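Report on one structure; see the data block that follows.
The values are calculated or read from the model by the stated rules, or taken from the named source; none is laboratory data. If you're wondering where the values come from, they're calculated on a predicted model, not measured in any experiment. As a convention, Cβ positions derive from the backbone with ideal geometry for all residues, glycine included, and neighbour counts pool all protein chains shown. Surface areas here come from the heavy atoms of the whole protein model, side chains and all, with no ligands, DNA or RNA. Shrake-Rupley method; radii C 1.70, N 1.55, O 1.52, S 1.80 Å.
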Amino acid sequence: MNQRKKLKLAAIIEGTGWNHTAWQHPEMPADASENIDYYVQQAKLAEHAKFESLFLIDVSHVGPGNIPHYLSMFEGVSIMSALAMVTKNIGLAFTASSSYTDPYNIARQALSLDKISKGRASLNAITSNPGGMVNFSRGHLSRSDQYPMHREFLEIIRDLWDTYEDDAFVRDKENGIYLNPQKMHLTNYRGQYFSVEGPLNLSRSIQGRPVLYTAGSSPTFVDIATTYTDGAFIGGFSLEEIQYTAMALRKKLDEKNRDPDTFVIATSQNPIVGRTDAEAHQKYMELAALNPYQRIPPPLFLGSAERVADEIQNWYKMGIMDMLMIKQDHPYGLRDFIELVVPILQERGIFHTDYEEKTLRGNLELPKPSFRTNF
């Protein structure tokens, strides 16, 4: 484990938080999930702390019982494009569902974000609940369609991102040559769910392709993630649950002869941190008192900065995660983590002290993929 890449950190930009009650806290803007100034503030806070990425989880099917954040939130590409203009180094990840959207549109949006941000874009391509399909004229499809459709989606977007070879655009004004047409390639994909000819009308990314994630925990997810993506976003309500999926991913990577250092296992937690255990617990009780009928469960990372740093270091050394994605329940959850925990992780040599590369891939210590090659 000593030779592994350093721990990576991401900030999940979730407005009022992934809960029912934090919006009621007097220090939380009630409209945080659709407040651009709040997103900018959080993005700058994470970049100042040298986080590798911002991350947006998305939904496309809601009802009155959803958490407040999901009921009024920005669309992913729009908000990440806006944040690209007020940041310089931090990565920008948005979520899109292969169950709802067409791969050509998402490939173009992701690569556009990558161009706007000069090589900092990533896509979390997921499957989603069947309820959302009715919003996209796909109500005739079922859950059994989702993973086969997902495989097609991932194959297509990777090919579209490799429409042009790296040196395809000559842009020779003197001789009037803009493009070498021999270096433009069609996709010509014909599947059960998608048919895409191509080409995509954007040059290749300076990082090769935008970083590609998927999310889940099932054996099929593990197989898809280790076949097509640069990383996996795994969840769970306990250390054991998260560890089980992480080890399944590492085993599958080994079976496919993929170097685990070219893959990012990411998991999210909502740490509540204080200078002492008592201070952290007081912050948690502030949230618990807001609505006794919708109490926030105690987070796995709860306590003093040293306690939380120890737990993070343990998870990292056990191989449970390469990237910790910070959710925020308390209004100052991200700020507290940055001010109290990040310096400890840096002192221990687990987390870096500055950005070392210009692209997201570079800062994630991922290699630039060759043109139209498999992993």
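Comparing mean-square fluctuations of Asp159, Asp329, Asp259 from a GNM of the chain with C-alpha springs under 10 Å, the top value falls on Asp259.
Solvent-accessible surface of region 1-115, taken per residue with a 1.4 Å probe and all protein chains present: 39 Å². In this Cβ point-charge picture (+1 for Lys and Arg, -1 for Asp and Glu), region 233-303 has a dipole of about 140 debye about its Cα centre. Rounded to the nearest 0.05, the FRET efficiency derived from the C-beta distance between Glu165 and Asn105 at R0 = 25 Å is 0.60.
Compared with the alpha-carbon gap, the fully stretched path from Ser78 to Met184 is longer by 35.3 nm at 0.36 nm per residue. For the chain, the fraction of 1.4 Å probe accessible surface lying on carbon and sulfur atoms is 50 percent. The local environment of Arg190, defined by Cβ-Cβ distances under 11 Å, has a net charge of -2 under the rule Lys, Arg +1 and Asp, Glu -1.
This model, with +1 at the C-beta of Lys and Arg and -1 at the C-beta of Asp and Glu, gives the chain a dipole about its Cα centre of some 620 debye. With a 1.4 Å probe rolled over the protein heavy atoms of all chains, the accessible area of Tyr178, Tyr193, Tyr100 falls in the order Tyr178, Tyr193, Tyr100, largest first.
In the elastic network of the chain, a GNM with C-alpha springs shorter than 10 Å, the most mobile of Ala96, Ala125, Ala168 is Ala168. Highest GNM mean-square fluctuation among Pro26, Pro148, Pro260, for the chain modelled with Cα contacts below 10 Å: Pro26. With a cut-off of 16 Å on the backbone N, the residues of region 320-346 near the modelled label site 7 Å out from Lys44 along Cα-Cβ are 335. Strictly over 24 Å apart at the Cα level, which of Lys8/Lys251; Lys115/Lys256; Lys50/Lys252; Lys50/Lys317; Lys8/Lys327 would you flag in this model? Beyond 24 Å between Cα atoms: Lys115/Lys256; Lys50/Lys252. Averaging Cα coordinates gives a centre for region 1-36 and one for region 280-333; these two points are 11 Å apart. For the chain, the calculated P(r) over all alpha carbon pairs, in 20 Å bins from 0 to the bin holding the longest distance, is 28, 59, 13, 1 percent. Each Lys and Arg adds +1 at its Cβ and each Asp and Glu adds -1 at its Cβ; summed about the Cα centre, region 53-199 shows a dipole of about 320 debye.
One decimal place: the segment Asp277-Lys251 gains 5.7 nm when fully extended, by the rule 0.36 nm per residue minus the C-alpha distance. Once both labels are modelled 7 Å past Cα along the beta-carbon direction, what's the Ser370-Leu300 spacing in nm? My value for the distance between the label points is 3.7 nm.
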